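What follows is a short report on a single structure.
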Amino acid sequence: ITYGDQSNATATTNAVSVTLYRNGINVTNPEITMLASGTYNYTAINPGNENYTGSTETWFLTVDKASSALNLSASPSWSETYGTETTVNCSADNYEIGPQLFRNGNPVSIPDTATLGSDIYDYICNATTTQNYTAPTEQQNNLTIGKATSTCTLTFDKASPQTYETAINASCSCTNPE
């Protein structure tokens, strides 16, 4: 079976009683439970009586690790313009996996919220195997921050045309604060 599935270990006998053990510990019969991944030794013991001989039966239950998956997402999107705050998130489909998030090879917090400069940023989300889950497939994507468009306006304090030697003041303003 796979982690997350219930197991049902049941021992029966045609004699008076049977005791069920898992890894040497007495358990209820039947034992219906969800076990961590691993191999378990189940032993049923029938002590017998004056009419029946005793008997012992052993079998093994293997609980395989479950698969897991990661999700790497960006908000508002994977392609934005300079000045836009972005949030990159990395999450797993179960509580046991602890994902890690990297930007350009350096660890960052989850989520990674920032207003980044114009560039392409490589994000990687990964995680390792745990007791009950296999290592999920690494997720990768590029966050592209494009250059913002700058607009400049030139204004004069007097309208055209003007006569020669008239003082005219010009002013310029741009949308780019840098």
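The values are calculated or read from the model by the stated rules, or taken from the named source; none is laboratory data. This structure is a prediction, so every number in the text was calculated from the model and none was measured. Reconstructed Cβ throughout: ideal geometry from the backbone, glycine too, with neighbour counts over all protein chains shown. With ligands, DNA and RNA removed, areas are computed over all heavy atoms of the protein, side chains included. Shrake-Rupley method; radii C 1.70, N 1.55, O 1.52, S 1.80 Å.
Across the stretch 79-176, the volume of the C-alpha convex hull divided among the residues equals 122 Å³ per residue. 3J(HN,Hα) along the stretch 9-25, derived from phi through the Karplus expression 6.51 cos²θ - 1.76 cosθ + 1.60 where θ = phi - 60°, amounts to 9, 10, 10, 10, 8, 8, 9, 5, 8, 9, 10, 10, 10, 10, 6, x, 10 Hz, with x in place of Gly and Pro.
Each residue of the stretch 143-148 was assigned a 3J(HN,Hα) from its phi angle through the Karplus curve 6.51 cos²θ - 1.76 cosθ + 1.60 (θ = phi - 60°); the sequence is 9, 9, 10, x, 5, 7 Hz, with glycine and proline shown as x. Each of TYR164, CYS125, THR144 was placed along the dipole of the stretch 47-178 (beta-carbon charges, centred on the mean Cα), and the one lying farthest toward the positive end is TYR164. In this structure, the amide hydrogen of THR137, modeled 1.01 Å from its nitrogen in the peptide plane, lies closer than 5 angstrom to those of LEU70, counting only residues at least 5 positions away or on a different chain. Here is the short version for the chain: CYS172 have no other Cys C-beta closer than 4.7 Å. Protein heavy-atom accessible surface, 1.4 Å probe, per residue over the chain: 63 Å². Across the chain, the mean sequence separation of Cα contacts (distance under 8 Å, 6 or more residues apart), normalised by length, yields a relative contact order of 17 percent. Relative to one another, the C-alpha centroids of the stretch 120-136 and the stretch 1-47 are positioned 34 Å apart.
Amide H contacts of VAL27: LEU20, TYR21, ARG22, each under 5 Å away and 5 or more positions distant or on a separate chain (H built 1.01 Å from N in the peptide plane; Pro and chain starts excluded). Expressed as a whole percent, the accessible area of the stretch 1-156 that falls on carbon and sulfur atoms is 47 (1.4 Å probe). Size estimate for the chain follows the Kirkwood approach: the inverse of mean 1/r over distinct Cα pairs works out to 22.7 Å. Only Cα pairs under 8 Å and 6+ residues apart enter the sum, and on that basis the relative contact order of the stretch 1-97 stands at 24 percent. With the simple model of a label 7 Å out from the Cα in the direction of the Cβ, ASN26 to GLN131 spans 2.5 nm.
Can you compute the charge dipole magnitude of the stretch 24-154 about its Cα centre, using +1 on each Lys and Arg Cβ and -1 on each Asp and Glu Cβ, nothing else charged? Give it in debye, rounded to the nearest 20.
Numbers: 3 positive and 12 negative charges, 67 e Å.
In total the dipole reaches around 320 debye.
Between ALA148 and TYR82, the built amide H atoms are under 5 Å apart, and every one of these is 5 or more places off in sequence or on another chain.
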